[in-house]
Amino acid sequence: MAGQNSTQDFVKIENIRSDVVIVKGGQMRAVLQVSSINFALKSQEEQEAIIYEYQNFLNSLDFPIQIFVNSRLTNVDGYIESLQQRLTQETSELLQMQTSEYINFIGEFVKEANIVATDFYVVVPFNLVEVATVQGGAGERFKSVTGQSGGLATMEPEKFRYYKSQLTQRVDFVSSGLHRLGLTARTLTTEELISLFWILYNPGDLRKKGLIKSIFE
């Protein structure tokens with residue numbers, strides 16, 4: 001029907017390749033998964049030092065970053081299913097009883113406790129429009145930068161590697177700054193990026209795709 005928009009029209013992701021998210025409009029994104037620290041358990045001096053380093057980190061950036069927190073209820077369905085399969089294969093009555101009680105305990109514990117798993121991410125951008133603007137304009141210049149009218153998704157491999165290297169420099173800079181805060185960061189792989197965005201766009205279909213691992217596995 002004319003005038004209707006498809007779901008893809010509302011999704012800004014054009015492609016994911018070589019550990020890079022390609023966003024419509026000539027933009028590249030790397031996603032870092034970052035560890036956490038318990039700020040409340042730090043001494044006052046340690047807290048002040050962390051705040052000071054965080055201020056220095058933010059002031060050192062000459063490009064924007066996005067801090068993203070993803071919280072979700074822990075999924076133990078796969079773990080319980082594996083225990084149930086083991087239960088059917090168990091020949092010892094004592095172990096059958098213990099396994100059955102353990103399955104019930106895990107199910108009730110997770111249901112009552114509402115265990116939440118939280119992941120922290122930093123999104124690092126690189127915009128090819130910036131390059132095109134520096135070179136003297138954003139219109140036809142953008143096509144010359146990408147080498148294709150279709151943009152990053154169809155960019156020549158050599159040019160893609162070059163602009164990915166520019167993004168990687170930013171990633172290394174951000175990782176170094178986070179390290180000074182006592183945090184570790186690693187870049188998500190292509191497979192992990194696909195899994196992450198599937199989780200975000202399909203929060204009710206996690207068990208079907210098996211993309212969340214149980215904390216007990």
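The values are calculated or read from the model by the stated rules, or taken from the named source; none is laboratory data. Here the structure is a predicted model, which means the values were calculated and not measured. Every residue, glycine as well, gets a Cβ built from its backbone with ideal geometry; the counts of neighbours run over all protein chains shown.
Observations, loosely collected:
- Meets criteria (under 16 Å from H179 (Cα atoms) and either under 24 Å from the mean Cα position of the chain (by Cα) or surrounded by 12 or more Cβ atoms within 10 Å (Cβ to Cβ) (or both)) for I80: no
- Residue that is surrounded by the fewest Cβ atoms within 10 Å (Cβ to Cβ) [pool: residues in the stretch 29-53 that are in contact with a helix residue (DSSP H, G or I) (Cβ under 9 Å, 6 or more places away or on another chain) and closer than 30 Å to S165 by Cβ]: S35
- Sole residue being within 30 Å of P125 (Cβ to Cβ), in a helix (DSSP H, G or I) and in contact (Cβ under 8 Å) with a residue 40 or more places away in the chain, chosen from F63, F68, F57: F57
- One residue from A117, A132 being modelled with pLDDT under 85, small (G, A, S), assigned to a strand (DSSP E or B) and under 30 Å from V31 (Cα atoms): A117
- Scanning the stretch 1-41 for residues that are outside any helix (DSSP H, G or I), within 30 Å of L181 (Cβ to Cβ) and at pLDDT 90 or above yields a count of 19.
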